[in-house]
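Taken together, the values in this text are just the output of simple stated rules run on the coordinates, not laboratory data. Since this is a predicted model, take the numbers as computed values, not measurements. Cβ placement follows ideal geometry from the backbone for every residue including glycine, while neighbour counts extend to all protein chains displayed.
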Amino acid sequence: MSGIALVYPYRYKHARETMLFHPLGLAQLTALLRKDGLDTSVKDLTFRDSDEVLAELASERPRVVGIYVMLTMIEYARTLASEIRRLVPGVLLVCGGPMPTLRPQQFLSEFDLVFRGEAAQSFPRFCRDYVNAAKPLDVLEHCDRYPGIAVRNPEDGLILHTPSQPSTEVQLNRLPIPDRSDYDHARYQEFWQEREGCSPAGIMTTYGCPYDCEFCSRPIYGTLFRRRNMDSIMEEIRDIRSLGYDGLWIADDCFTLDLGHVRAFCHRLIREELSMSWTCLSRTQEIPLKDIELMKRSGCRKVFFGLESGSNEVLKLMNKHTTVEEAERTLHLFAHCGIETAGFFMIGYPGETCESIETTLAWALRLPLNELSFTIPFPLPGTRLFQRVHGVQADADWQYENENRMIYESDFGNDYLQGRIEETYTKFAERHRQDTL
Ligand code: B12
């Protein structure tokens, strides 16, 4: 039997506005496991056939298989786990990522162990102890030594939890850069080149977000905002460049939260002449014009804003701490500086009215946006929205990205919301066609 296999159970279903990126969490864990001398293989299912991957695992016979799970991957991850259990006798099946963090009990029939929250410190330590132990069962018996564990006690069937431990900024800065050597970069780049004429790779430069939007789930990094140092970020960007990417998709919850960090990032990109275009997510807080100009000079191509609603009352309901007026000012500044903008909106929010929905749709069409995306609210487990709504369908997890479906008792019908979203997309596309003629 060999060492550890890490699996990314993503099925590319060609959904609207799909974004394909190799999984950063698994790449980070791979770097750590290999640094500890553990034989590690990675199976990214994005472009691969699951039978082929299962056959590989059956022949490699890893001691531990770790599977990443987020909302859209629950069913596939559980099916794969059952197959792997059948094909690799004696394997220890472990999962981690957002959904096992939020609902560990959902995974403990197929998996032996769940790692909740950040696992950069705990999972490599556990694997090292387990793989090197003379009696691995002893390690399992004492798995309460590792933070963020959920495991079923075989005697009484109850689930044992140990609290997860967020890394400090110092610990995060000691991590090696993610190991991206196991992914089919040519396929990822081909996907992006066809779609946008450039090929970005994902990167995180800060972790956590201190805001408390009612609908937002922050299962892994929570509210504790932490920054990586620029030397490590630049090392990672050089690595990404060497793999053939020409851009970055900065996955930070809110990259512009600390403008000092943004300025330092832009200055380093310019100074090191890395010539990478980049996109990021931002709130619509005031950002001074000179900072937006600096972002542009350093290669910023597009910024995604969580605009959510064109009604200040609804923004208050969401606990967004932004206003419609502030959003308009910020978007115009970005447009003025030649940075593309994309807006995320939600309609059908509990507590809003048909009037506020229409206000949002009309507002979205008036704003200087290059792209827009509407969502019917999805009460993610662990959010305050989840607690506020009633009758959430227990088995209504999304099967693919941007799946727009009302899954709780609401004043608004699915057909009405989906219909208005489609009409607005059509109007937006028509307007853009006319603008480019
Ligand atoms: C980048 C990102 C994306 C990227 C790609 C992600 C990818 N390839 O993995 C894109 C843009 C494609 C994307 C899409 C979506 N995303 Co997204 N995304 C993120 C984001 C911003 C960062 C994830 C990341 O890379 N983190 C950095 C790495 C280092 O951390 P990590 O992955 O969490 O890994 C750590 C731990 O989780 C753990 N771990 C991870 N894997 C494993 C495996 C094992 C075995 C173990 C033990 C531990 C472990 O250890 C790691 C190190 O500490 C998060 C928000 C966030 N800040 O976390 C949302 C987030 C994960 N996304 C989310 C959602 C909802 C979506 C979409 C469904 C949105 C949509 N409208 O369609 C789609 C689904 C796409 C799909 N794959 O099906 C939710 C997930 C909610 C949930 N409960 O599952 C999050 C949490 C955002 C949010 N606030 O709601 N996303």
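Considering the zone a paramagnetic label at R388 would reach in this model (a point 7 Å from Cα along the Cα-to-Cβ line), which residues of segment 303-341 have amide N under 19 Å from it?
Inside the label zone: 306-324.
Hey, can you rank 92-100, 418-426, 118-126 by average C-beta count inside 10 Å, highest first?
Values: 92-100: 25.4, 418-426: 14.8, 118-126: 22.6.
Listed from highest to lowest mean packing, they are 92-100, 118-126, 418-426.
Using the scaling law 2.2 N^0.38 Å as the reference, what is the normalised Cα Rg of segment 305-397?
Details: Rg = 14.3 Å, N = 93, 2.2 N^0.38 = 12.3 Å.
Cα Rg divided by the expected 2.2 N^0.38 Å: 1.16.
Across the Cα atoms of segment 184-436, what radius of gyration and what greatest pairwise Cα-Cα distance (Dmax) are found, in Å?
18.8, 54
Can you give me the long-range amide H partners of D44? Hydrogens built in the peptide plane at 1.01 Å from N, cutoff under 5 Å, separation of 5 or more residues or another chain.
Correct list: Y8.
Of V64, V389, V114, which is the most mobile in a GNM of the chain whose springs link Cα atoms less than 10 angstrom apart?
V389
Return the ratio Rg/(2.2 N^0.38 Å) for segment 228-331, where Rg is computed over Cα atoms only.
That works out to 1.18 for segment 228-331.
Using alpha carbons only, what's the Rg to Rh ratio of segment 2-161 with Rh from Kirkwood?
That ratio equals 0.94.
On C-alpha positions alone, give me the angle between the axis of helix 50-60 and the longest principal axis of the chain, in degrees, nearest 10.
Result, in degrees: 30.
Counting other Cβ atoms within 10 Å of each Cβ, which GluC sites (Glu not before Pro) in segment 130-190 have at most 16 and sit in a DSSP loop?
Sites meeting the loop and neighbour criteria: E155.
In the chain, what cysteines have no partner Cβ closer than 4.7 Å?
Cys with no partner Cβ under 4.7 Å: C95, C127, C143, C198, C209, C254, C266, C280, C300, C337, C354.
If packing is taken as the average count of other Cβ atoms within 10 Å, what order do 83-89, 296-302 fall into, highest mean first?
296-302, 83-89
In a Gaussian network model over the chain where Cα atoms closer than 10 Å are linked, find which of L175, L38, L158 has the largest mean-square fluctuation.
Top of the fluctuation ranking is L158.
Taking only Cα atoms and a 10 Å spring cutoff, compute GNM fluctuations for the chain and point out the largest among D179, D36, D252.
Ranking D179, D36, D252 by mean-square fluctuation puts D36 first.
Residues in segment 304-321 near a label at D212, defined as backbone nitrogen under 16 Å from the 7 Å Cα→Cβ point?
316-321
Sorted from largest down, give the three principal axis spans of the alpha carbons of the chain, whole angstrom values.
Its Cα atoms span 67, 54, 38 Å along the three principal axes.
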